[in-house]
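Asks: One structure, pasted below without further comment.
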Amino acid sequence: MKKDIEIPVVEDVWVAIVHDPLENEETEWDVYLLNMKNTEIEGVLVSSRGYSSIENDDRKTATFRHFLDVVPAKSYKKIEPISIEVFGLNNEYWVSFYLNKKMYDKKYIFLPETINEAYFTDIPLINKKGVLIK
């Protein structure tokens, strides 16, 4: 029965989009997975895609899958670079991983136009500015 299925809640695993100004005055943006837990997470798989639907104008990007394997405790791993051309879309990162032989998953969605300086915060562990979803 549905009521018998345990769905574990994901805590202390975050996704951040970080702004990294380059020396040649261009800007690079990267997406990171942060493991803020005191234990490693294993079998980490991230599925990423962008999408939007405004007045019958559907837009979407390709879906990418990234296998990060193990993310140690209190650390981070880069998922992918992200292009500013997709900041007007919903940018979705679906993260799945194993912890203590249980599978966890959570969807993180950066809404259109939220990847900008107005929403910047200090990203822990990375020590740079960016947008963070907990």
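The values are calculated or read from the model by the stated rules, or taken from the named source; none is laboratory data. What you see is a predicted model; the values in this text were computed from it and never measured. As a convention, Cβ positions derive from the backbone with ideal geometry for all residues, glycine included, and neighbour counts pool all protein chains shown.
Asks: Determine which member of the set ASP20, ASP58 is over 17 Å from ILE133 (Cα atoms), exposed (fewer than 11 other Cβ atoms within 10 Å of the Cβ), at pLDDT below 95 and among the charged types (D, E, K, R).
Replies: Working: ASP20 fails: exposed (fewer than 11 other Cβ atoms within 10 Å of the Cβ).
When all the criteria are applied, what remains is ASP58.
Asks: Just to check your reading of the model, which residue among VAL31, VAL131, VAL18, VAL44 is in contact (Cβ under 8 Å) with a residue 40 or more places away in the chain and touching a helix residue (DSSP H, G or I) at 6+ places or on another chain (Cβ under 6 Å)? Walk me through it before giving the result.
Replies: On the way: VAL31 fails: touching a helix residue (DSSP H, G or I) at 6+ places or on another chain (Cβ under 6 Å); VAL18 fails: touching a helix residue (DSSP H, G or I) at 6+ places or on another chain (Cβ under 6 Å); VAL44 fails: touching a helix residue (DSSP H, G or I) at 6+ places or on another chain (Cβ under 6 Å).
Result of the check over VAL31, VAL131, VAL18, VAL44: VAL131.
Asks: Filter region 104-115 for residues that are part of a strand (DSSP E or B) and in contact (Cβ under 8 Å) with a residue 24 or more places away in the chain; which is surrounded by the most Cβ atoms within 10 Å (Cβ to Cβ)?
Replies: Applying the first criterion (part of a strand (DSSP E or B)) to region 104-115 yields 104-110.
Within this subset, residues satisfying the condition of being in contact (Cβ under 8 Å) with a residue 24 or more places away in the chain are 104-106, 108-110.
Values: TYR104: 18, ASP105: 13, LYS106: 17, TYR108: 22, ILE109: 13, PHE110: 24.
Checking each candidate, the answer is PHE110.
Asks: Say whether the condition of being hydrophobic (A, V, I, L, M, F, W, C), out of contact with any helix residue (DSSP H, G or I) (no Cβ under 8 Å at 6 or more places or on another chain) and in a strand (DSSP E or B) is met by at least one residue in region 48-59. Give the steps one after another, and end with the answer.
Replies: Kept after step one, since they are hydrophobic (A, V, I, L, M, F, W, C), are these residues of region 48-59: 54.
Adding the requirement that they be out of contact with any helix residue (DSSP H, G or I) (no Cβ under 8 Å at 6 or more places or on another chain) leaves 54.
Right, trim to in a strand (DSSP E or B) and you get 54.
Checked region 48-59: at least one residue is hydrophobic (A, V, I, L, M, F, W, C), out of contact with any helix residue (DSSP H, G or I) (no Cβ under 8 Å at 6 or more places or on another chain) and in a strand (DSSP E or B).
Asks: Could you list, in sequence order, all residues of region 91-103 that are out of contact with any Leu (no Cβ under 6 Å at 6 or more places or on another chain) and either in a strand (DSSP E or B) or at pLDDT 95 or above (or both)?
Replies: At the first step, the residues of region 91-103 found to be out of contact with any Leu (no Cβ under 6 Å at 6 or more places or on another chain) are 91-95, 97-103.
The answer is ASN91, GLU92, TYR93, TRP94, VAL95, PHE97, TYR98, LEU99, LYS102, MET103.
Asks: Here is a further query. Given the options TRP14, TRP29, TRP94, name the one that is buried (at least 16 other Cβ atoms within 10 Å of the Cβ), within 16 Å of ILE123 (Cβ to Cβ) and touching an Asp or Glu at 6+ places or on another chain (Cβ under 9 Å).
Replies: Values: TRP14 fails: touching an Asp or Glu at 6+ places or on another chain (Cβ under 9 Å); TRP94 fails: within 16 Å of ILE123 (Cβ to Cβ).
Being buried (at least 16 other Cβ atoms within 10 Å of the Cβ), within 16 Å of ILE123 (Cβ to Cβ) and touching an Asp or Glu at 6+ places or on another chain (Cβ under 9 Å) holds for just one of TRP14, TRP29, TRP94, which is TRP29.
Asks: I'd like to know if region 50-65 contains one or more residues that are of a type in the set (A, V, I, L, M, F, W, C) and in contact (Cβ under 8 Å) with a residue 40 or more places away in the chain. Break it down into steps so the answer makes sense when it comes.
Replies: First pass over region 50-65, keeping only residues of a type in the set (A, V, I, L, M, F, W, C): 54, 62, 64.
Filter once more, keeping what is in contact (Cβ under 8 Å) with a residue 40 or more places away in the chain: none.
For region 50-65, residues of a type in the set (A, V, I, L, M, F, W, C) and in contact (Cβ under 8 Å) with a residue 40 or more places away in the chain: absent.
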